[in-house]
Each structure stands twice: as structure tokens, then as C-alpha cells.
Amino acid sequence: MIDYYSLLRRDIRFVEGLNACMNCGVCTAICPAAEFYNYDPRSICNILMTKDNEKIEHLLKTDSIWYCGQCLSCKTRCPRGNVPALLISALRHLSQVTGLFTNSEKGRQQYAIFKTIGENIINTGYCIHLALINLKLHPEQGPVMVWYKENAEDVTDLLGANYNKLGEGALRKISQDNLDELKKIFNITGGTDLYNSINKYSKTKAKELNINCEDTIENSAYFFHVFLSKE
Amino acid sequence: MEKGYWKDYQKAIATDNYFYERSCIRQTFFPGSENAFIKIIREELGLKIIDDKNLHTCSGIGYYSGIVPLETTMTVIARLFSLMSETSSRNFVSSCVTSFGLINEVLDMWEHFPEKLESTRYYLKEATGRSFELPHNVAHSSDIIYLHRKALKKKMIYSLVNKKTGEPLRVVEHIGCHYAKIFPQHGVGGAEFPQVLAGIIKEWGGQVIDYPERRHCCGFGFRQYLIMANRGYSIANSKKKFESMKPYKPDFIISNCPGCSMFMDRWQYTIAEMEGVTYDDEQKGIPVLTYEELTGILLGYNPWELGLQLHQIQCEPLLDKIGIPYIIDKKYIGKSGKKLNHPLKPKNIIA
Ligand code: SF4
Ligand code: SF4
């Protein structure tokens, strides 16, 4: 069995995030995710303090590590200076590197984030950009947003933006030399490896579930399977 | 109580020569706000701000969603610092609360783990040939407006007073979790007594509403909003805030974070469409402004050039309360001057 605990100890977020939790539950009391989901940051700390590798492996396979909204409210409040949010980040990273994330419904959703935000970053230099918002995935955006997207260039010009053009300004096109440097940063720091890992394990899972997983979102039943969590 | 404590959470804010880090979310949903911010700094305050064409994302939304590793994010941020280092400025100003929080986190980690700073320097050099200096000052763009609030007030044509009643407008402010919950010492007023927007509101004539869920998260939650199956988390958190603020009858909401601004606007629309509920008395919703939009309208800027027509909750009732004139026929006209079609009307909210 992989020594998950040692791998976690190598992540500075894990080292920074856990200093002898006293199980007071203050983090859980303030946590918006604990209010909405069956989630309890206190018990995550508790499990990690046992250093029990089997329990940690189980955690990496379950929905529990995917509920946190990374609001960091727990950091402000923990009397021991612990940061459950950082522990969650370390656990999520390990779950994706080892492929265990595909064992849980919430974990499998990482594929959809990679296909949207992840590809946006590397292809355009933006996490999100007006041109990249697919309104089919965002009905909550409402009719004004539909209007805004339909008239994007004319409207953003009025607002002083530089829509999809090179140079300074809001919503500008980010030049290829900048994107090349971003790509090299992703290659050397493990960003590309993590993308590949999410992609590879997701494709394997899709095969196992007998769901088509093509690279274009529109044609990928697996993308919508995880995005809508249809079981 | 409040007066005694928040003063402990003052922070140093650079007074001039800013390096502007644009926000993916603010550019997308509120491009007029970023444009107005630069205009306010340069033209109203006569100060220097650098808008670099080589900027890119800090990768924050990817990082907090778990798909971008820490080392990658550190090096992406290091590249932003490298762009800053090529200029005369060392005063980094972020237009995004998430980015502001993440940059403070990265700087803090580099302090606790200096070997991570060294490895980041190595990665950036290997990948791009670049080196970088650390900023002398990191601020969120609202900090800059807060710092110059008195100077700006002198230039303002309007104030936060109801023109008809002469009463101060009642304002809900939302500073966003990553502004001060990660490092209270880096936010004006800390996480307890948020002052960055409250100070602006009070200075400009308004009254701040202190409602029970004032400090609660808007519910973005990164992967919680980004995935449709999880979006209930996001809307439930905003709903909790709306229900808590409703009895105080806010005239409008002002938000620090571009994401929170967008969510508190769109979720009011969504809740109205789903449940027929609005949180004002007239079934119009509570307008949500960015601090740049607020500064801009009080300075007399054209609301349509600030981008108020991009809000799903219409802002005209607020403009009317303050007494700000606007030409309604120009609301849906772009730069070309061509008359554009109008957006469809929502079912349950008067627009
Ligand atoms: S608040 Fe801190 S000490 Fe208390 S349970 Fe949470 S992590 Fe442990
Ligand atoms: S960061 Fe996560 S664990 Fe911490 S309070 Fe927010 S949702 Fe809860």
C-alpha cells in the first residue's frame, strides 16, 4: 500500500495546516460547507491525526474531501492555527495524482473543471473570459448575460475594454509569447502532469462505466455525466 | 465596541505608482469597472498606475478548484511579479479578492518555507529565463479607493443620500472571504470589523447595515459553483445572506470581490425565477454594485459607460434615489452607436 501519510507530509500545505487539532469543532461551526453538505472539517483533522494509512486511503476515495468551498473561514477561527482548507487542498492533490478521485461522484467532477477552467488557463491565459463562457452550462446567468454575449464586442468597446485584441486592456487577447511561457511553467512545475493525470484516470473511469469521453465537451457524454452528476 | 477594535487592523497601503493586476472575473463581468478604476487613479487622483499588456491569470480559480498544483500557481504568480519587476513599481494592486488572498498566501508560504521561494525562482528561470523581485506592498484595488476616499469625495457630484427623503442610503457591504479571512492583518478592519467598504460608504454619506450574516460567504466555493450539480451550495449560501439582510431594507449591496458581485446579482434573479421570491418590497431585487461603479456614478460618470446595463438586477431605482440622471434610450447602445436588441425580461422580477 502506498504510504499516503508520508506523501501528505511532503506537501507544505499539510505541514502548515495541521498542528495538534484539539477537536473543538470551531471550524465545523463556521464552515458553510458543513451547513450545506454532510461534511465535517473537524473529523477530517481527526482522521489525519491518526496517521492511519487505510483511513487516509478511504478519505481520498470519498466525497468528503470535495465538499469544501475553500472560503478559508476556518483559518480565521481555529484556535490552534490549523487550516482545514489547506489539508483539503493537499488531500485533493494526492487524490488526483493517485487516481483515487474517480472513486467518488464529487471527485469525478474534477474532469469537468479541467476541461473548462484548466484548458482555459493554458489555451488563453484566463481562468474565465467572456468569450469562453458557455451559457448552456450556466443558465443561472440570465437574459442580460445572453444579450451581453451576443453584443460582446460593441458593448465592451463602450466600456473601454479591448475585446480579443492584442495590447493592453480588459478582455484583451493574451499574446502567444506570454502563453508559451505559461505553458513552460506548467510543464516544469507539474501543472501539465496533473492535467494529464486527471485526464488519464477520467478516461479510464469513463471506459469502465461505458460512457463515451471525447475531447470536445459537446460530444463528451462523460463530461455531462460528471457535470450534472447523473448516476 | 466597533470603533475601539477595528483600528487595530489598519494596514499600510501604497500611496502612488501602482502595478495593476487585472482579474479574470472582473474583466469578464465588469470590464467597465476596471476601466473606471484606472481612470479614477489617473484622472481624478493624478496618480500613476501601470496596465501591462503581458498580464495573465494568477491561476487562482484553478488552484482553489484543485486542478492547478501549488508549485505551478507559485510560479505563475512569480511571472506576474517578474512583469512588475520590469517596471518602476513595486506596489502590486490586485483587482480580484481571490487573487489578493492567494498572493498573500503564497508570500506567507515563501516566508515560512524559504526553500519554496528558491524553487519558484529556479522554475521561473528555467521555464522563461525570468527573475523577479517581491512587491513592497500588496493591496486590493478597493484598498486604494478607501485610502483616497476623502480626496475622491471632494470631486463627487452626488452622495449616498436619498434625494427625496434626505436620509442616508442603507447599504449592505460584502468584503468577500479571501479579502480578510485568510490574513485579517492584510484587510482594512480585519475579518471582524470590515472597514474597507464601510469606510467608503460612511465617508460618502451612506449608512452601513450590520446584519447577522454580514460575514457569511457568498457561496462561490469554486468547484461548488463551477459544477452544475453542486450549484445548490452556491445559491443556498447567497440565499442565507439575502434572507438575513432583507428586514433591514437595503437600498443596494456593494461588493469587494468581482465574483461575489456577480453571484449576488445572478442568484437574486435565479431565486426569483425558481421561487418567485425577491428581497425588496417592489419585486425588482436589490441592486449590486462594484466599488468602482459606485465611485463612478457618484463622480458623475455615465452609468452605461460604467456597465450598469450588464447587471441582471436593474440599477435605475438606485440612480433615481440618488438623483443621478441617465438616458434610458441609450442603455442598449454599444460603441458603434447602433441600436441593439433588448435583453429578454425575466419572469418573476421586474426589469
Ligand atoms: S477549529 Fe482547529 S482545533 Fe478546533 S477542530 Fe477545527 S482544526 Fe481542530
Ligand atoms: S475553507 Fe472549506 S473547510 Fe474551511 S470553512 Fe470554508 S468550506 Fe469549511
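So is B:Ala180 outside the structural domain of B:Gly296 (by TED's automatic domain parsing) and either hydrophobic (A, V, I, L, M, F, W, C) or under 25 Å from A:Glu140 (Cβ atoms) (or both) or not? Taking the combined requirement at face value, the residue does not satisfy it.
Where helices (runs of 4 or more DSSP H) sit wholly within the stretch B:1-120, those with at least 2 residues that are in contact (Cβ under 8 Å) with a residue 40 or more places away in the chain and within 13 Å of chain A (Cβ to nearest Cβ) occupy B:24-29, B:31-39, B:60-64, B:70-85, B:97-112. Every residue in the stretch A:165-179 that is surrounded by fewer than 16 Cβ atoms within 10 Å (Cβ to Cβ) and more than 7 Å from chain B (Cβ to nearest Cβ), please. Matches in the stretch A:165-179: A:Lys165, A:Leu166, A:Ser175, A:Gln176, A:Asp177. From the list A:Thr28, A:Thr98, A:Thr116, A:Thr102, which one is modelled with pLDDT of 95 or more and either over 20 Å from the mean Cα position of the chain (by Cα) or within 15 Å of ligand 1 (Cβ to nearest atom) (or both)? The match here is A:Thr28. Would you call B:Glu273 within 14 Å of chain A (Cβ to nearest Cβ) and surrounded by 24 or more Cβ atoms within 10 Å (Cβ to Cβ)? Judged against the criteria, B:Glu273 is not a match. In the stretch B:25-45, the condition of being touching a strand residue (DSSP E or B) at 6+ places or on another chain (Cβ under 9 Å), of a type in the set (D, E, K, R) and within 30 Å of A:Glu150 (Cβ to Cβ) is met by at least one residue.
Here the condition is being surrounded by fewer than 24 Cβ atoms within 10 Å (Cβ to Cβ) and either under 16 Å from the mean Cα position of the chain (by Cα) or hydroxyl-bearing (Ser, Thr, Tyr) (or both); of B:Gly199, B:Gly166, B:Gly232, B:Gly205, it holds for B:Gly199 alone. Candidates in the stretch A:203-230 are the residues that are of a type in the set (Lys, Arg) and surrounded by fewer than 21 Cβ atoms within 10 Å (Cβ to Cβ); of these, the one that is farthest from the other protein chains (Cβ to nearest Cβ) is A:Lys207.
Checking each residue in the stretch B:175-191 for being within 16 Å of ligand 2 (Cβ to nearest atom) and either surrounded by 24 or more Cβ atoms within 10 Å (Cβ to Cβ) or part of a loop (DSSP other than H, G, I, E, B) (or both) picks out B:Ile175, B:Gly176, B:Cys177, B:His178, B:Tyr179, B:Ala180, B:Lys181, B:Ile182, B:Phe183, B:Ala191. Just one of the listed residues (B:Gly285, B:Gly300, B:Gly307, B:Gly276) is in the same structural domain as B:Leu197 (by TED's automatic domain parsing) and touching a Gly at 6+ places or on another chain (Cβ under 6 Å), and it is B:Gly307.
The values are calculated or read from the model by the stated rules, or taken from the named source; none is laboratory data. Source: prediction; values computed, not measured. Don't worry about glycine lacking a Cβ; one is built from the backbone with ideal geometry, like all the others, and counts go over all protein chains shown.
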